[in-house]
Amino acid sequence: MTSVLDLAPVVPVVVLENAADAVPLARALVAGGLPAIEVTLRTPAALDSIRAIAAEVPDAVVGAGTVISPAGVADAVAAGARFLVSPGWTETLLDAMKGSGVPFLPGVSTASEVVALLERGVTEMKFFPAEAAGGAAYLKSLGAPLPQARFCPTGGITLASAPSYLALPNVGCVGGTWMLPPDALATKDWGRVETLARQAAALRQ
């Protein structure tokens, strides 16, 4: 599989309260040019949502976010997740993700965590919480001593701030929620989601 970092410039980070919304939401995101979709394991509807997208939206590459335990890894892969994202990592979680057979992005926010993952052969990571942890300037600083590490920064990124991240050679994509405004999800305004997704996809042409 293509690296998660290279599927699209932006990975929507989706929190679904109702699994019935998963398929129309995913179709809107794919139609807008964002095929990689991270469904976070923060709600009871998450695994059913991943199952539905995997089964019914063939052009989507659905992954699981907020993966924080080996059980979460197993459940997500069984549901059809094609990649895994965690906000941080431990040895136990890393072993489970490595053994899952699907690509994964363990979360880091310090240089030491990056070095520890590089020691274990992991070069692709999530940088979280991006804005709170130092933003694009911090990632740019990491690039000189640690050029082999590539990142998907997530956390507080907006349409306005995303380009400063995407301009960095060590950033493959960014994660965000701005194309999923709560009022659009509440009213099932999938057309608006598609329009916002198209704007996001156009950030790197």
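Miscellaneous remarks
- Student exercise, the chain dipole from Lys, Arg, Asp, Glu Cβ charges, in Debye to nearest 20: 340 debye
- Electrostatic tally near E91: other residues with Cβ closer than 15 Å to its Cβ, Lys and Arg +1, Asp and Glu -1, net -1.
- The chain: most fluctuating residue of V102, V39, V77 per GNM, C-alpha cutoff 10 Å: V102
- Under 18 Å from the Y138 label point (7 Å along Cα→beta-carbon), backbone N, the stretch 155-189: 155-158, 161-177
- DSSP-assigned coil residues among GluC sites (Glu not before Pro) in the stretch 1-81, each with at most 16 further Cβ atoms within 10 Å: E17
- Prolate/oblate/rounded label for the chain (Cα gyration tensor, a/c 1.5): oblate
- Relative to the current alpha-carbon distance between T2 and A20, full extension at 0.36 nm per residue lengthens the span by 3.6 nm.
- Reachable aspartates and glutamates, given that their alpha-carbon falls under 20 Å from the alpha-carbon of K188 and they are not under 8 places away in the same chain: E17, D21, E38, D48, E56
- Annotation for the stretch 112-152: trypsin sites (Lys or Arg not before Pro) lying in DSSP loop with at most 16 further Cβ atoms inside 10 Å of their Cβ are R120.
- Ellipticity estimate at 222 nm from DSSP helix runs (n ≥ 4, -39,500 (n - 2.57)) divided over the chain, nearest 500: -11000 deg cm²/dmol
- Packing-based exposure ordering (other Cβ within 10 Å, fewest first) of T187, T90, T43, T66: T187, T90, T43, T66
- The amide H of L105, built 1.01 Å from its N in the peptide plane, has L84, V85, S86 as neighbours under 5 Å, considering only residues 5 or more places off or on other chains.
Any read-out appearing in this document is the output of simple, stated calculations on the displayed coordinates, not a laboratory observation. All values reported here derive from a predicted model rather than from experimental measurement. No Cβ is skipped: glycine too gets one built from the backbone with ideal geometry, and neighbour counts run over all protein chains shown.
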